[in-house]
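The values are calculated or read from the model by the stated rules, or taken from the named source; none is laboratory data. These figures come from a predicted structure and were not determined experimentally. Glycine also receives a Cβ, built like all others from the backbone with ideal geometry; neighbour counts cover every protein chain displayed.
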Amino acid sequence: MELSPLTADAFARLTGMAFHARQVGEADAFLIALDQDAGYDNPNFRWMHRRFERFVYVDRVVVAPEARGRGLAGALYADLFTAAEAAGHTRIVCEVNSDPPNPASDAFHARLGFAEVGAATLPGGAKTVRYLERRLQPPVRPRKASS
């Protein structure tokens, strides 16, 4: 898995604008997701912003090598899905590298029900990504009893 590097200040800004940020253990795993209202200057986020009115964008999900195989990423995503549905979101989006390829991330996201909605070559041409989406169920609102 490849992530763009962040300074400590940039990481603090990112978590400060997060719709949802969760950590497991001291450093076992974490997930950071932003909604459409975040002022995030990132080409992948901008791609989503141009196409979708409302969304939750997974910017980072990281599992430490020694913590892999314990279902932590799946648990972090399940927690995100619950939070997003509770906030009325119906779309979770992310990107996965296609060049260089990331078959483990492709398989993981496919198991969670993500489907491709686009692709792009990032500025500078060093990476090509596939944009993925998982639709969520809108929250069920109780009907008011008629009198």
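Take the range 48-78 and flag every residue that is over 18 Å from R135 (Cβ atoms) and touching a strand residue (DSSP E or B) at 6+ places or on another chain (Cβ under 7 Å).
Of everything in the range 48-78, those that are over 18 Å from R135 (Cβ atoms) and touching a strand residue (DSSP E or B) at 6+ places or on another chain (Cβ under 7 Å) turn out to be D59, R60, V61, V62, V63, A64, A67, L72, A73, L76.
Look at L122 and say whether it is out of contact with any strand residue (DSSP E or B) (no Cβ under 6 Å at 6 or more places or on another chain), hydrophobic (A, V, I, L, M, F, W, C) and in contact (Cβ under 8 Å) with a residue 24 or more places away in the chain.
So L122 passes the test.
Restricting attention to the range 34-49, and to residues there that are in contact (Cβ under 8 Å) with a residue 60 or more places away in the chain and buried (at least 18 other Cβ atoms within 10 Å of the Cβ), which single residue is nearest to E95 (Cα to Cα)?
Per the criteria, the residue is N44.
On the given criteria, is P100 under 21 Å from Y131 (Cα atoms), in contact (Cβ under 8 Å) with a residue 40 or more places away in the chain and more than 15 Å from the chain's Cα centre (by Cα)?
yes
Would it be correct to say that R54 is surrounded by fewer than 18 Cβ atoms within 10 Å (Cβ to Cβ) and at pLDDT 95 or above?
yes
Quick one: is D41 outside any helix (DSSP H, G or I), modelled with pLDDT under 95 and out of contact with any strand residue (DSSP E or B) (no Cβ under 9 Å at 6 or more places or on another chain)?
yes
Only one residue in G118, G125, G113 is exposed (fewer than 15 other Cβ atoms within 10 Å of the Cβ) and either part of a strand (DSSP E or B) or of a type in the set (D, E) (or both). Which one?
That would be G118, the only listed residue that is exposed (fewer than 15 other Cβ atoms within 10 Å of the Cβ) and either part of a strand (DSSP E or B) or of a type in the set (D, E) (or both).
Scanning the range 7-33 for residues that are in a helix (DSSP H, G or I) and among the charged types (D, E, K, R), which turns out surrounded by the fewest Cβ atoms within 10 Å (Cβ to Cβ)?
Result: D9.
Scan the range 25-42 for residues that are over 14 Å from the mean Cα position of the chain (by Cα) and more than 17 Å from L76 (Cβ to Cβ) and report the count.
So the answer is 3.
Pick from E133, E116: which is touching a strand residue (DSSP E or B) at 6+ places or on another chain (Cβ under 6 Å), within 14 Å of V58 (Cα to Cα) and not aliphatic (A, V, I, L, M)?
Just a single option satisfies the conditions, and that option is E133.
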